[in-house]
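These notes concern the structure reproduced below.
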Amino acid sequence: MKAFARLLDQLSFTPARNAKLTLLQDYLGNAPDPERGWALAALTGGLRFDAAKPGFIRKAAEARLDPLLFALSYDFVGDLAETVALVWPARPGANREPELPEVVDALRTASRREVPQLLERWLDALDATGRWALLKLLTGGLRVGVSARLAKQALAAFGGVPVGDIEEVWHGQDPPYGDLFAWLEKRSEKPSTMASARFRPVMLAQAIEAGDFARYAATDYAAEWKWDGIRIQAAHENGQRRLYSRTGEDIAAAFPDIMAALEFEGVIDGELLIFKDGHAAPFGDLQQRLNRKTPDAKLLEKFPAGIRAYDLLMEGEEDLRDLPFHERRRRLERFIAGSKNQRIDLSPLQPFASWDELAQLRAHPPAGDPQIAEGLMLKRWDSIYEPGRPKGPWFKWKRDPRLVDAVLMYAQRGHGKRSGFYSDYTFGVWRTDTNGDHQLTPVGKAYFGFTDEELKLLDKFVRDNTVDRFGPVRSVRAGRDFGLVLEIAFEGLQRSTRHKSGVAMRFPRINRIRWDKPARDADELATLERMLD
Amino acid sequence: MAGFRQLLRNTPQGLYCPPGDFHIDPVQPVDHAVITHGHSDHARSGHGTVLATPETLAIMAARYGEDFAASTQAARYGEKIARGGVSVTLAPAGHVLGSAQAVLRWKDITVVVSGDYKRRRDPTCPPFEPVPCNLFVSEATFGLPVFRFPDAADEVAKLLKSVALFPERTHLVGAYALGKAQRIIALLRESGYAKTLYMHGAMAGMNALYQAHGVELGPLAPATDAERNALPGEIVIAPPSAIADKWARRFADPIPAFASGWMMVRARARQRHVELPLVISDHADWDELVLTAEELKPEELWITHGNEEALLRWATLNNIAATALEIAGYEDEAE
């Protein structure tokens with residue numbers, strides 16, 4: 001348990017992704033089987049117990065420590081599990097420190113009545129970090145800033161294989177993943193990937209660059225709209241239904257409406273969208289669904305989900321991935337036409353004769369769903385379905401971002417490489433209040449889009465023009481006559497009740513720093529409101 | 001309690017001994033002061049006379065200049081000094097170099113003022129010496145049951161493990177310039193780390209003073225001579241305020257570490273953007289505070305700066321008469 005606890009402890013303090021990968025790889029390389037397998041399951045969300053309720057944990061602690069002393073401690077620490085981990089009186093030598101596999105085995109077989117005794121024995125034997133890790137494991141949700149995707153990337157780096165290979169075999173494997181580790185340590189063959197309804201690693205597109213248009217012929221490519229939902233893979237094979245995100249996470253629980261609609265036999269690649277009267281709704285509507293792990297009937301009715309299909313990987317038992325796109329497309333069209341379900345439709349191809357014509361379409365999308373598309377997708381007619389992000393067969397050609405001039409209002413220090421810099425910026429636009437005065441209202445936060453040199457200048461500006469501090473946040477001088485204008489680029493704009501300004505941006509970033517522009521000339525909230533999706 | 005107050009009482013300047021006419025660690029200038037140790041919230045300049053250990057006097061001279069008091073008197077550990085009818089002895093407190101408890105004997109009463117203390121081994125100063133007493137005046141910086149410090153050697157091992165795992169990055173360890181910094185250096189040396197350790201400019205004076213008093217620190221070099229983006233794979237020790245600020249930018253993708261008892265609580269580490277918290281403290285933790293009180297069994301326990309409330313509660317539960325003194329001016333965060 002010690003090494004696992006130590007790993008969780010360090011991950012929880014480490015903001016940088018690469019450093020997290022290093023920590024994970026080090027752990028995977030040094031922890032024995034089956035401990036590392038259970039740890040991996042815990043990190044990828046495949047191991048949840050919810051065996052101990054906070055109320056019980058608190059009671060157990062108060063039985064060991066005077067309740068007033070406990071209350072004073074809790075008041076100081078502010079987190080129940082952490083308080084218990086810290087105040088639990090050590091009983092050195094009372095019990096042997098449990099190993100992670102022991103804990104997992106015991107919890108899987110223990111009755112509800114036995115759990116409290118087990119827990120107390122373990123808490124007696126562990127140190128403070130061990131107790132903290134155990135309580136996190138038992139109360140469900142590690143929350144140490146590691147996604148399942150990151151854990152798989154660490155696993156791939158540990159074994160020296162592409163992450164796609166991990167994703168492909170993942171759903172056929174069970175914790176503690178003995179076969180997986182044997183393969184990654186080259187002690188055995190790659191585990192079978194023949195499981196039904198398993199995840200197939202997805203093919204991704206490169207962003208198209210200016211020079212590419214001269215290099216590639218327009219006639220070699222099909223174009224379709226780039227839908228603004230989430231990429232999914234829907235599988236139904238041998239009675240097994242699965243819905244995966246593009247990284248292979250199983251997201252079925254959040255979309256029972258889609259699960260019920262998988263009435264075909266095969267594997268579809270497509271975009272998950274909210275459909276309203278047969279039309280795609282903006283991303284903000286989908287966000288309502290993504291926020292809930294298990295939706296209620298009201299939410300399902302208000303935001304019905306569907307799939308806009310753009311590729312067919314399996315038809316029945318036939319693997320289509322080695323067929324060229326034009327053939328897969330023909331099969332997909334027939335497949336969707338044969339399906340009677342309203343929740344699955346086809347992403348239409350957008351005919352064009354030249355790159356110029358396509359550029360016009362991108363700049364002026366026709367009425368209807370293309371209006372809210374993120375741009376265009378280009379797929380080579382002869383391309384096979386190749387996992388990863390190969391250069392050439394598929395391109396994305398995003399719509400130009402929207403731009404707004406905003407004024408820097410607050411700044412916060414960053415993490416990792418930026419820990420000494422004010423690198424997270426909150427910006428606002430002008431709003432006229434009831435007295436006719438111009439006030440800045442915050443509309444978003446950006447922490448990338450600038451160079452290291454620009455960061456230094458921004459940091460200096462923040463330090464030189466701080467007017468107030470609230471904990472880690474600095475308030476920066478910003479008024480009609482003085483302030484720093486930032487040109488903000490963003491992808492979409494939604495109504496939001498959570499933000500004071502009433503709007504929320506997608507992917508805001510700093511496009512340019514307008515040292516030259518007077519703050520009074522920054523945009524008005526009304527300008528932004530006209531850009532609402 | 002009234003009996004002890006003839007010998008020791010709380011005043012706006014700090015603890016005062018009327019029959020001996022001196023203050024202990026006064027927070028404002030007074031005529032006669034007894035100073036337990038060199039940290040600036042306990043050892044201020046501008047007093048008339050100062051009685052302290054030779055090491056503490058040297059630390060004060062290094063910090064404030066030779067004329068920090070009108071006159072000084074050095075008392076070695078165990079040496080009896082008469083002040084009015086009161087006998088004053090300084091006993092090791094195990095906190096930092098020169099740190100002492102003030103032991104006051106008057107008529108048949110013994111009072112011990114702990115100053116700041118710890119019970120754990122520290123290679124840079126002699127260990128705390130328990131002195132049986134009628135009244136014990138205890139610090140309570142970490143007077144909450146959440147503070148149960150791990151073994152400092154394990155924390156240093158954690159630092160070295162991280163250095164091995166991230167050889168391309170600089171480990172920047174925040175540590176108080178007097179005491180904590182030298183203890184970490186000594187602990188690193190004990191664990192076999194022989195490489196040069198790099199120091200923020202603010203560390204130089206105290207390091208030299210410790211070395212002059214016979215504390216081995218091994219090879220040290222200034223960190224500030226370094227080029228930009230320098231010292232990958234090295235350990236740099238700096239005051240806590242420097243680790244997350246402009247000064248830190250010169251190093252190679254630094255990992256901010258902080259050696260302090262406060263690092264026991266995760267939110268404290270996060271607030272300071274610490275990525276490698278090291279729970280190493282020069283104060284007594286909860287267990288040490290409680291065990292010391294149990295060991296000394298004083299008739300009364302007075303609790304000075306820190307988290308008094310929990311220790312008061314503990315004393316009540318254990319039938320020890322206890323009072324919290326509210327002494328303004330000691331820094332809660334002083335480590």
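Values in this text are rule-based calculations from the coordinates and carry no lab data. These numbers were taken from a predicted model, which means no experiment stands behind them. Cβ placement follows ideal geometry from the backbone for every residue including glycine, while neighbour counts extend to all protein chains displayed.
Give the relative contact order (percent, whole number) for region A:206-398; include only Cα pairs under 8 Å separated by 6+ residues.
Dividing the mean separation by the residue count of region A:206-398 yields 31 percent.
How much of the calculated P(r) for the protein assembly as shown lies past 43 Å, in percent of all Cα pairs?
Everything past 43 Å amounts to 46 percent.
Under 13 Å from the 7 Å Cα→Cβ point of A:LEU349, by amide nitrogen: which residues of region A:287-329?
Residues A:311, A:324-329 fall inside that zone.
With just the Cα atoms defining each centre, how far is region B:148-203 from region A:394-458? Give it in Å.
Each part reduced to its Cα centre gives a spacing of 38 Å.
Tell me, what ³J(HN,Hα) does each residue in region B:106-122 have, in order and in whole Hz, if you take phi through Karplus 6.51 cos²θ - 1.76 cosθ + 1.60 with θ = phi - 60° and put x for Gly and Pro?
8, 6, 10, 9, 10, 10, 10, 9, 6, x, 8, 8, 8, 9, 7, 5, 9
Please give the average number of partner chain Cβ atoms lying within 10 Å of the Cβ of each residue in A:60-69, rounded to a whole number.
Across A:60-69, the average partner-chain Cβ count within 10 Å equals 2.
For B:253-260, what's the mean count of beta carbons from other chains sitting within 10 Å of each residue's beta carbon?
Whole-number average of other-chain Cβ neighbours for B:253-260 is 3.
What FRET efficiency do you get for B:LYS195 and B:ASP67 if R0 is 41 Å and r is their Cβ-Cβ distance, rounded to the nearest 0.05? Kindly include the intermediate steps, with their values, before the conclusion.
Values: r = 39 Å, r/R0 = 0.96.
Calculated transfer efficiency: 0.55.
Label points 7 Å out from Cα along the Cβ direction at A:ARG292 and B:THR224: separation in nm?
For A:ARG292 paired with B:THR224, the spin-label model returns 6.0 nm.
Under 8 Å for C-alpha pairs, at least 6 residues apart: give me the relative contact order for region A:283-368, rounded to a whole percent.
Relative contact order, region A:283-368: 25 percent.
Which whole number gives the average, over all residues in B:281-287, of C-beta atoms from other chains lying within 10 Å of the residue C-beta?
Across the residues of B:281-287, the mean count of other-chain Cβ atoms within 10 Å is 1.
Explain nothing, just the number: relative contact order of region A:2-139, from Cα pairs under 8 Å at least 6 residues apart, as a whole percent.
This gives 35 percent for region A:2-139.
Region A:93-137 to region A:185-238: how many Å between their Cα centroids?
The distance from the Cα centre of region A:93-137 to that of region A:185-238 comes to 43 Å.
Which parts of region A:482-504 would a label at A:THR432 reach, counting a residue when its backbone N lies under 20 Å from a point 7 Å out along Cα-to-Cβ?
Zone members listed by number: A:482, A:501-503.
Sorted by packing (mean other beta-carbon atoms within 10 Å per residue), highest first, where do A:251-260, A:494-503 land?
A:251-260, A:494-503
Rounded to the nearest 0.05, what FRET efficiency is calculated for A:TRP515 and A:ARG389 with R0 set to 35 Å and r the Cβ-Cβ distance?
0.45
For A:GLY444, which sequence-distant residues (separation of 5 or more, or a different chain) have an amide H within less than 5 Å of its own amide H, given hydrogens modelled in the peptide plane?
A:PHE427
Which shape class applies to region B:152-278: rounded if a/c is under 1.5, otherwise prolate when a/b exceeds b/c and oblate if not, where a ≥ b ≥ c are the square roots of the Cα gyration tensor eigenvalues?
rounded
Go through region A:448-464 residue by residue and turn each phi into a ³J(HN,Hα) via Karplus (6.51, -1.76, 1.60, θ = phi - 60°); whole Hz please, and just put x for glycine and proline.
For region A:448-464, the Karplus curve yields 8, x, 10, 7, 4, 5, 5, 4, 4, 5, 4, 4, 5, 4, 4, 5, 6 Hz.
Name the long-range amide H neighbours of A:ASN511: under 5 Å, sequence gap of 5 or more, or other chain; modelled H, no Pro or chain starts.
A:GLU487, A:ILE488, A:ALA489
Taking the highest mean first, how do the peptides A:439-451, B:283-295 order by number of other beta carbon atoms within 10 angstrom per residue?
B:283-295, A:439-451
In nm, what is the difference between 0.36 nm times the number of residues separating A:ILE230 and A:ASP105 and their Cα-Cα distance? Walk me through the numbers on the way to the answer.
Numbers: separation 125, 0.36 × 125 = 45.00 nm, distance 3.67 nm.
Extending this stretch completely gives an extra 41.3 nm.
Taking the C-alpha atoms of region B:206-335, how large are the radius of gyration and the largest Cα-Cα span, Dmax, in Å?
19.7, 60
How far apart, in nm, are two points set 7 Å out from the Cα along the Cα-to-Cβ line at A:ALA63 and at B:THR11?
Rounded to a tenth, the inter-label distance reads 5.3 nm.
Under a straight-distance cross-link criterion of Cα-Cα below 14 Å, which aspartates and glutamates are reachable from A:LYS396, leaving out those fewer than 8 residues away in the same chain?
A:GLU209, A:ASP212, A:GLU224, A:ASP228, A:GLU374
From the cross-link list A:LYS152/A:LYS186; A:LYS456/B:LYS180; A:LYS53/A:LYS136; A:LYS226/A:LYS379; A:LYS152/A:LYS398, which pairs have alpha carbons spaced over 23 Å apart? Working shown, then result.
Details: A:LYS152/A:LYS186 17 Å; A:LYS456/B:LYS180 32 Å; A:LYS53/A:LYS136 11 Å; A:LYS226/A:LYS379 11 Å; A:LYS152/A:LYS398 29 Å.
Exceeds cut-off: A:LYS456/B:LYS180; A:LYS152/A:LYS398.
Among A:1-8, B:51-58, B:80-87, how do they line up from the highest to the lowest mean number of other beta-carbon atoms within 10 Å? Walk me through the intermediate numbers first.
Values: A:1-8: 20.8, B:51-58: 22.9, B:80-87: 14.4.
Per-residue mean Cβ counts within 10 Å order the peptides as B:51-58, A:1-8, B:80-87.
Which value in Å does the Kirkwood hydrodynamic radius of region A:402-529 take, with 1/r averaged over all unlike C-alpha pairs and then inverted?
Values: mean 1/r = 0.0682 Å⁻¹.
The Cα-based Kirkwood calculation yields 14.7 Å.
With the cut-off at 29 Å, tell me which of the pairs A:LYS2/A:LYS293; B:LYS80/B:LYS118; B:LYS118/B:LYS158; A:LYS500/B:LYS246; B:LYS158/B:LYS195 have Cα atoms farther apart than that. It would help to have the intermediate numbers written out before the result.
Numbers: A:LYS2/A:LYS293 32 Å; B:LYS80/B:LYS118 23 Å; B:LYS118/B:LYS158 22 Å; A:LYS500/B:LYS246 33 Å; B:LYS158/B:LYS195 17 Å.
Going by Cα-Cα distance, A:LYS2/A:LYS293; A:LYS500/B:LYS246 fall outside the 29 Å limit.
I need the shape label for region B:1-146. Rule: rounded when a/c is under 1.5, else prolate if a/b > b/c, else oblate, with a, b, c from the alpha carbon gyration tensor. Display every interim value, and only then the final one.
Numbers: a/c = 1.41, a/b = 1.04, b/c = 1.36.
It comes out rounded by the Cα gyration axes.
Give the residue from B:HIS39, A:HIS364, A:ALA205 lying farthest towards the positive end of the charge dipole for the protein assembly as shown; charges sit on Cβ (+1 for Lys and Arg, -1 for Asp and Glu) and the dipole is referred to the Cα centre.
Looking along the dipole axis, the top candidate is A:HIS364.
What percent of all Cα-Cα pairs in region A:206-398 falls into each 5 Å bin, going from 0 up to the bin containing the maximum distance?
P(r) over region A:206-398, rounded to whole percents: 1, 7, 16, 20, 19, 17, 11, 6, 2, 0, 0.
Exceeding 25 Å between C-alpha atoms, which entries from my cross-link table qualify? They are A:LYS20/A:LYS59; A:LYS340/A:LYS391; B:LYS107/B:LYS297; A:LYS445/B:LYS161; A:LYS276/A:LYS298.
Table pairs above 25 Å Cα-Cα are A:LYS20/A:LYS59; A:LYS340/A:LYS391; A:LYS445/B:LYS161.
Tell me, what HN-Hα J-couplings in whole Hz come from the Karplus equation 6.51 cos²θ - 1.76 cosθ + 1.60 at θ = phi - 60° for each residue of region A:171-186, using x for Gly and Pro?
With coefficients 6.51, -1.76 and 1.60, one gets 6, x, 10, 10, x, x, 6, x, 5, 5, 5, 4, 5, 5, 9, 6 Hz.
Using r as the Cβ-Cβ distance of B:GLU216 and B:ALA157, and R0 as 22 Å, what FRET efficiency do you calculate, to the nearest 0.05?
Details: r = 20 Å, r/R0 = 0.91.
In this case the efficiency is close to 0.65.
Simple spin-label model, 7 Å along Cα-to-Cβ: B:LEU317 to A:GLU120 in nm?
Distance between the two pseudo-spin positions: 1.6 nm.
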